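Here the structure comes first, spelled out in structure tokens, and everything after it is commentary.
Each reported figure results from applying straightforward, stated rules to the coordinates on display, with no laboratory input. Being a predicted model, the structure only gives us computed values, none of them experimental. So basically every Cβ, Gly included, is an ideal-geometry build from the backbone, and we count neighbours across all protein chains shown.
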Amino acid sequence: MAFVIDIETKEKILVTKIICVGRNYAAHAEEMGTEARSEPLLFFKPPTALLHQSNPIVYPPFTSNLHHEVELGIVMGVTGKDIKREKSSEHIYGYLLALDLTLRDKQAEAKKEGAPWAICKGFDGSLPISMVVRTNDLKAMQSMDIKLWVNEQLRQSANTNQMIFPIEELISYISRFFTLERGDIILTGTPEGVSPIRSGDVIEAELGTRLKIKFSVR
């Protein structure tokens, strides 16, 4: 059973699905050699990808190029379908800080063959997360600094106001195709600066003023 934890109440919230958004920061799309899209690019991670802070990141034996991608995650609180943008905040439980770990070599192979991203994005432990801050304040969530360090060296630094598709648009768009349920997580994309990590590295990240995470790579 996969879950996220409220940072204040310690309530465990069951996670049923994780919907991820690719290329949602223009500078990241550019560094990956792609263009920004007119509609969000969606893919999934299974709940078994979740990794809480008490555990290390285990370097997968089936890759030689594991990358970090720091992201804002939105946790849904109320089930909804075809949610209107102006009603999106009513369906939000809160937000968390996440690392979308990616097998970059496997992803390159999948892109070349036009194959799905299931393995390169959804392997066990590919989503280290923080606890959840409960709020539906869209204005605050859409204006937070997000940063990541590897071995105390800053790798990623941006603000969530740089997202191409803002939170309310993502919720409205995604709910056209998939019913969003309580506990579902929407990963909103990563800024530029993604790079490889290796066994022995220490990854630290922060989002706004309330969330910080630290993971060692084993």
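Think of each Lys and Arg Cβ as +1 and each Asp and Glu Cβ as -1; about the Cα centre, that makes the dipole of the chain roughly 360 debye.
Over the Cα atoms of segment 1-91, the radius of gyration divided by the Kirkwood radius equals 0.99; this is the Rg/Rh ratio.
For segment 128-177, a Kirkwood hydrodynamic radius built from all Cα pairs, placed in the Stokes-Einstein relation at 37 °C and 0.692 mPa s, yields a translational diffusion coefficient of 253 µm²/s.
Could you pull out which residues in segment 39-57 have an amide N less than 15 Å from a spot 7 Å beyond the Cα of residue 124, following the Cα-Cβ vector? So the set is 46-52, 55-57. Here is how the number arises for the chain: DSSP H runs of 4 or more residues each give -39500 (n - 2.57), the sum is divided by the residue count, and the result at 222 nm is -4000 deg cm²/dmol. The string of couplings for segment 102-107 from the Karplus curve (6.51, -1.76, 1.60, θ = phi - 60°) is 9, 7, 5, 5, 5, 5 Hz, one whole number per residue in order, with x for Gly and Pro. In order along segment 22-30, the phi-based Karplus estimate (6.51 cos²θ - 1.76 cosθ + 1.60, θ = phi - 60°) of 3J(HN,Hα) comes to x, 6, 9, 10, 4, 5, 6, 4, 5 Hz; Gly and Pro are listed as x. The percentage of C-alpha pairs in segment 135-218 whose separation is greater than 14 Å is 70%. Which whole-number percentage describes the relative contact order of the chain, with Cα contacts under 8 Å and a sequence gap of 6 or more? Over the chain, the number comes to 32 percent.
Based on the convex hull around the alpha carbon atoms, segment 3-216 presents an average projected area of 10.8 nm². Gain on full extension, evaluated as 0.36 nm per residue between residue 6 and residue 210 minus their Cα-Cα distance, stands at 72.2 nm.
Projecting the Cα atoms of 18, 64, 34 onto the dipole axis of the chain, where Lys and Arg carry +1 and Asp and Glu carry -1 at the beta carbon, places 18 farthest toward the positive end. Annotation for segment 121-167 versus segment 24-55: alpha-carbon center distance of 11 Å. When segment 76-162 is described by a simple charge dipole with +1 on each Lys and Arg Cβ and -1 on each Asp and Glu Cβ, the residue from 123, 89, 150 located farthest towards its positive end is 89.
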